[in-house]
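A.B. asks: I have a structure here, written as structure tokens, and I will follow up with some questions on it.
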Amino acid sequence: MTGDGKTAFIIGGTGQIGVAAARHLAERGWSVLIGHRGAHPGDTSLVELDVTTVRLDRDDTASLLALADGHDLVLDAVAYDPKHADQLARLAGRIGSLVVISTGSVYRDAEGRNLDTAVDADAFPRFPDPIDESQPTVTEGAPTYGVLKAQLERRLLDTDDLPVSILRAGAIHGPFSEALREWYFVKRVRDRRESVVLAYEGQSRFSPTSTAAIAELARLCAQTPGRRVLNVADDDVNVTEIANAVFDALGHHPHIVRAPGAPAHGVGSTPWSTPYPLVLSTRRARDELGFEPPARYHESVRDAIAWLTEVVDGAERRQLSWRKLFPRLVSRYGADAWFDYAAEDEYLSSIPPAAG
């Protein structure tokens, strides 16, 4: 399958989604132009393919429109709020297909709860299992991540003559990420931890989404332009299966202790540990576009782990800590919030030897 001379412009092309999409399209015959801020180089091996990069200030609307004009696909991996929707709306009638990355955080439950309000287990939303695209989204409130993304979506979908596909992703993983959830388990392997604690008995289900799956669905949307909203996610896995996928990739298997109930003092609180399921249905993408994730989570996560391991090893050779390497992860979750080994050891010493 080839791109037959098709062209794509990717906004945010050196981040995890942009890198995956650029390679996925270029390997299928597309000519790809990447626009980026220049904050980091992304995947330098893309020079071996028909991929060109250009520096772009996202706030420079005139330059953005000039670069995007006429392409078969414009993929915006970093659009965030209504201001960005206003920029993209000006592409109506000028491009083949617009694909914008959104998030499952836009969904709200029957009581109005969404991920932005989930400050504790009682406030966590109770969604259908799985969630399809007809689930209501947040409409009002403080300008949080989910609210701004939902406003972005609505403004784009209300724009005439704009063939826009909104892709709602789960917990994204892939090489070149700045918020690697898998580091929660990878670091424990590197530190030779003998046990790992998982809250909620390790049964939490929070849909992961590989960048490879996003890239493939973006390609399918470009092949069949339209106005639509689609969930994009990997196969349905729980946090125990996620842990084992990482451990399998690294060849080291700590003992998994399945702790009942919510995390106690943070122990067992992984990035996927939720009191209720948040599972995205991909039936619509499958039925309408024939979408199939390129690989199941157990396989797709290996690319992220291989990249992460290589990057961390290189940083350690330069005596650079992982905290300096992934500042966004630290700012979001805290420098040591994931790795309070003293609290874990105290918990493990308090339970009977057969527990877990």
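A.B. asks: Grab the other residues whose beta carbon is less than 13 angstrom from that of LEU115, score K and R as +1, D and E as -1, and report the net.
C.D. replies: Net charge in that neighbourhood comes out at +2.
A.B. asks: Where does each of LYS149, LYS324 land when they are ranked from fewest to most other beta-carbon atoms within 10 angstrom?
C.D. replies: By the 10 Å Cβ count, ascending, the order reads LYS324, LYS149.
A.B. asks: Okay, moving on. What are the extents of the Cα atoms of the chain along their three principal axes, in Å, largest first?
C.D. replies: 66, 50, 35
A.B. asks: So, one more: How far apart, in nanometres, would the label points at ASP191 and ALA337 be if each is projected 7 angstrom from Cα along the Cα-to-Cβ direction?
C.D. replies: About 1.6 nm separates the two model spin labels.
A.B. asks: Over region 7-350, what is the mean sequence separation of C-alpha contacts under 8 Å (at least six apart), divided by residue count, expressed as relative contact order in percent?
C.D. replies: Reported as a whole number, the value is 18 percent.
A.B. asks: Return the lysines within reach of LYS83: Cα separation strictly under 26 angstrom, same-chain partners fewer than 8 residues apart disregarded; answer none if there are no such residues.
C.D. replies: Hits, sequence-local ones excluded: LYS149.
A.B. asks: Where Lys and Arg each count +1 and Asp and Glu each count -1, what net charge lies around GLY202 among other residues with Cβ under 11 Å from its Cβ?
C.D. replies: Net charge in that neighbourhood comes out at 0.
A.B. asks: Once both labels are modelled 7 Å past Cα along the beta-carbon direction, what's the ARG296-ASP160 spacing in nm?
C.D. replies: Each label point is offset 7 Å from its Cα along the Cβ direction, giving 4.9 nm.
A.B. asks: Let me ask something additional. Could you give the distance between the Cα centres of region 163-231 and region 80-107, to the whole Å?
C.D. replies: 21
A.B. asks: Further question: Mind giving me the FRET efficiency for THR44 and GLU316? R0 is 25 Å, r the Cβ-Cβ distance, nearest 0.05 is fine.
C.D. replies: For R0 = 25 Å, the calculated efficiency reads 0.75.
A.B. asks: Distance between the C-alpha centers of region 308-326 and region 248-306? Whole Å please.
C.D. replies: Answer, in whole Å: 24.
A.B. asks: Which shape class applies to region 1-109: rounded if a/c is under 1.5, otherwise prolate when a/b exceeds b/c and oblate if not, where a ≥ b ≥ c are the square roots of the Cα gyration tensor eigenvalues?
C.D. replies: Rounded is the answer for region 1-109, as its axis ratio a/c remains below 1.5.
Bear in mind that the values in this text are calculations on the coordinates, not laboratory data. Note that the coordinates shown come from a computational prediction; the quantities given were computed from them, not determined experimentally. With ideal geometry, Cβ positions are generated from the backbone for all residues, glycine too; neighbour counts draw on all protein chains shown.
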